[in-house]
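The next block holds one structure in the form of structure tokens; read it before the comments.
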Amino acid sequence: IVTYNIKKFPWSCKSFRRSSILQTYSIILLQECFNEYCDSLEYWFPNYYICRGTIKGINLFNSGLAILSQYPVLEVEFHKFTNYNKWSLDCLSEKGFLSVLLQLDNGEKLRVINTHLQSSDYEKYDIQALLQFMELLKYTSTLRENYIIGGDFNIDISLTQKLLDERTSYSPIDPSVYIDFSKGYTSSHKIGRAHV
């Protein structure tokens, strides 16, 4: 399983060029995969089941979330967050999480959840991201099957570790994005005293 924020904002002209790398994974979670971009997923990933977040409210853009799976999909749900920062650009898209139930080859079922929590360009994190994370944890408390949560959390995992119970494991790796909060600049390489 891999999670990847493709950083394709709704107004971006980026094209998808990393499909060969991603196709080495059986389950792919994508964030910022907005409407005009989603139309090409079938072309780039012809051997995957493709699930997308939909628009449930009055937002201009969908959630930008997609889950691609080589395992059969039994169920797809999108849950809109009730908490969000209405003064940020994130309010233009549908903030929430995409949840799919997969049938694995060994006969077991696995729930895979993809999310993109509230972003914050000039602070370490937006309090709404933690509230959204709590909504997600409340949902997982109702699940009977094993599950995996992935996505772009926009918060330091140390802030959420105390919210997780003993059944949850987290294996941190190097971050993919560093943020210089003094300038609101992001980079895939460490920049000065940037935060993760």
Inset, instruction - Compute the distance in nm between two label points, each set 7 Å from the Cα along the Cα-to-Cβ direction, one at residue 104 and one at residue 7. - result: 3.3
Legend entry - Under the Karplus curve 6.51 cos²θ - 1.76 cosθ + 1.60, θ = phi - 60°, whole-Hz ³J(HN,Hα) for segment 67-79, x wherever Gly or Pro sits: 10, 10, 9, 8, 9, x, 9, 9, 7, 10, 9, 10, 10
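Put 152, 105 in order of accessible area, largest first, 1.4 Å probe: what do you get?
Numbers: 152 35, 105 140 Å².
Descending accessible area places them as 105, 152.
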Legend entry - Neighbourhood net charge (11 Å Cβ-Cβ; Lys/Arg +1, Asp/Glu -1) for residue 72: -1
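Give 7/109; 95/138; 80/109 a once-over and call out the pairs whose C-alpha atoms are over 22 Å from each other. Numbers along the way, then the final one.
Details: 7/109 30 Å; 95/138 16 Å; 80/109 24 Å.
Over 22 Å apart, Cα to Cα: 7/109; 80/109.
The values are calculated or read from the model by the stated rules, or taken from the named source; none is laboratory data. As the structure is a prediction and not an experimental result, all values here were calculated from the model. Quick reminder, even Gly has a Cβ in these numbers, built from the backbone with ideal geometry, and neighbours come from all protein chains shown. Remember, those area values only see protein heavy atoms, side chains included, never the ligands or the DNA or RNA. Shrake-Rupley method; radii C 1.70, N 1.55, O 1.52, S 1.80 Å.
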